[in-house]
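Report on one structure; see the data block that follows.
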Amino acid sequence: MNSTALVTGASRGIGRGIALELARLGYDLVINYAGNEAAARQTACDCGALARDCGRTIRAEICQADISKSAERHKLIDFTRATFGRLDLLVNNAGVAPDVRADILEAGEESFDRLIAINVKGPYFLTQIAANWMIKLINSPQPADFAPYRPKIVTISSISAYTASTNRGDYCVSKAALSMLTPLFASRLAAHGINVYEIRPGIIATDMTGPVKEKYDKLIAEVLTPIQRWGAPEDIGRAVAAIASDAFPFSTGEVINVDGGFHLRRL
């Protein structure tokens, strides 16, 4: 029996890059999506093909759920339980940016509430549900074909957790709040053998950053980051794969920057 990963927001962008790298490792996958079923199905198909190319056999199933809603968070975990019977890795990746970038002196509450619901409340309570199931699995007898069970939780945040962008304050606040999820759950779950990590991407080429490509092309050319290129979804995927491969068994609560060196303070 393969290990199983649930990746939220996995139909496109960073989530898709993560799913592909986990498929390469031989993980069965739950590909969560909010609205783009066609993209989710394509990601699942591509994950299966990549795994076969690597000599592995996996299952990649899709599940629609809006993680901002309690009933749909439970639906997502119930689907994973019914389909695979185990959860080795939860990847909290789903997140949204504001529909309109607005100066913090003018921005309204509707966008703020939407971002907090999806970017913070969703992963916080999804992690709670998943962690309780993981603890039950740890404490229950497992079938003989159950692969070694060392569950992990990874949350994908952003450099916006500590970088002020005054035309999208709601996004920055949501990512700053999201970053507290990892130390909280790492502290609470360590005694159960569940390690928890945060991956903090920098400027990654996705649909979300497409509208500001020209701006960031210029900043990168001006050495905004020591590594002078855009990040790619597979850069984040490889970091998640390292965690999934149990490369950091004596680390928990760790923040892994995948940002081209943006976080460095330089003179």
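Where residues in the range 162-178 are crowded, with 19+ Cβ neighbours inside 10 Å and either within 15 Å of the chain's Cα centre (by Cα) or of a type in the set (A, V, I, L, M, F, W, C) (or both), which of them is nearest to GLN128 (Cα to Cα)? Walk me through it before giving the result.
Residues of the range 162-178 crowded, with 19+ Cβ neighbours inside 10 Å: 168-172, 174-175, 178.
So of that shortlist, the ones also either within 15 Å of the chain's Cα centre (by Cα) or of a type in the set (A, V, I, L, M, F, W, C) (or both) come out as 172, 174-175, 178.
Numbers: CYS172: 23, SER174: 18, LYS175: 18, LEU178: 14 Å.
The residue in question is LEU178.
Considering the range 219-267 alone, what residues qualify as being within 23 Å of THR182 (Cα to Cα) and aromatic (Phe, Trp, Tyr)?
PHE248, PHE250, PHE262
Yes or no, residue by residue, for (1) of a type outside the set (S, T, N, Q); (2) under 18 Å from ALA161 (Cα atoms); (3) in a helix (DSSP H, G or I):
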site	(1), (2), (3)
LEU184	yes, yes, yes
ARG188	yes, no, yes
ARG200	yes, yes, no
LYS213	yes, no, yes
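Contact list please: Cβ distance under 6 Å, first residue in the range 136-148 and more than 19 Å from TYR27 (Cα to Cα) and without any contact (Cβ under 8 Å) to a residue 40 or more places away in the chain, second residue surrounded by 10 or more Cβ atoms within 10 Å (Cβ to Cβ) and β-branched (Val, Ile, Thr), pairs at least six apart or on different chains.
none
Going through the range 224-267 one residue at a time, which ones are of a type in the set (A, V, I, L, M), at pLDDT 95 or above and more than 18 Å from THR163 (Cβ to Cβ)?
ALA232, ALA239, VAL240, ALA241, ALA242, ILE243, ALA244, ALA247
I'd like to know if the range 1-8 contains one or more residues that are of a type in the set (A, V, I, L, M), over 15 Å from LEU126 (Cα atoms), at pLDDT below 95 and surrounded by fewer than 17 Cβ atoms within 10 Å (Cβ to Cβ).
Yes, the conditions are met somewhere in the range 1-8.
Restricting the first residue to the range 66-83 and requiring it to be free of Cβ contacts under 8 Å to residues at least 24 places away in the same chain and under 29 Å from MET1 (Cβ atoms), which pairs with a second residue that is in a loop (DSSP other than H, G, I, E, B) and not aromatic (Phe, Trp, Tyr) meet a Cβ separation below 8 Å and a spacing of at least six or different chains?
GLU72/ALA65; GLU72/ASP66; LYS75/ALA65
I need the full set of residues from the range 232-267 which are more than 29 Å from ILE194 (Cα to Cα), of a type outside the set (Lys, Arg) and either touching a residue at least 12 places away in the same chain (Cβ under 8 Å) or surrounded by 11 or more Cβ atoms within 10 Å (Cβ to Cβ) (or both), in order please.
PHE262, LEU264
Condition (residue is within 15 Å of the chain's Cα centre (by Cα) and surrounded by 11 or more Cβ atoms within 10 Å (Cβ to Cβ)) applied to the range 216-228: is it met by at least one residue? Step through it out loud before you land on a result.
So in the range 216-228, the residues within 15 Å of the chain's Cα centre (by Cα) come out as none.
The answer is no; no qualifying residue exists.
Can you spot a residue in the range 74-89 that is under 16 Å from ASN195 (Cα atoms), surrounded by fewer than 16 Cβ atoms within 10 Å (Cβ to Cβ) and touching a Phe, Trp or Tyr at 6+ places or on another chain (Cβ under 7 Å)?
Checked the range 74-89: no residue is under 16 Å from ASN195 (Cα atoms), surrounded by fewer than 16 Cβ atoms within 10 Å (Cβ to Cβ) and touching a Phe, Trp or Tyr at 6+ places or on another chain (Cβ under 7 Å).
If you go through the range 24-63, how many residues are in a helix (DSSP H, G or I) and either at positive phi or touching a Cys at 6+ places or on another chain (Cβ under 8 Å) (or both)?
Within the range 24-63, the first condition is being in a helix (DSSP H, G or I), and the residues that meet it are 24-25, 37-53.
Narrowing the set further to residues that are either at positive phi or touching a Cys at 6+ places or on another chain (Cβ under 8 Å) (or both) leaves 24.
Within the range 24-63, residues that are in a helix (DSSP H, G or I) and either at positive phi or touching a Cys at 6+ places or on another chain (Cβ under 8 Å) (or both) number 1.
Do we have any residue at all in the range 185-201 that's surrounded by fewer than 21 Cβ atoms within 10 Å (Cβ to Cβ) and acidic (Asp, Glu)?
So far as the range 185-201 goes, no, none of its residues is surrounded by fewer than 21 Cβ atoms within 10 Å (Cβ to Cβ) and acidic (Asp, Glu).
The values are calculated or read from the model by the stated rules, or taken from the named source; none is laboratory data. Just so it is clear, the model here is predicted, and its values are computed rather than measured. Backbone-built Cβ (ideal geometry, glycine too); neighbour counts: all protein chains shown.
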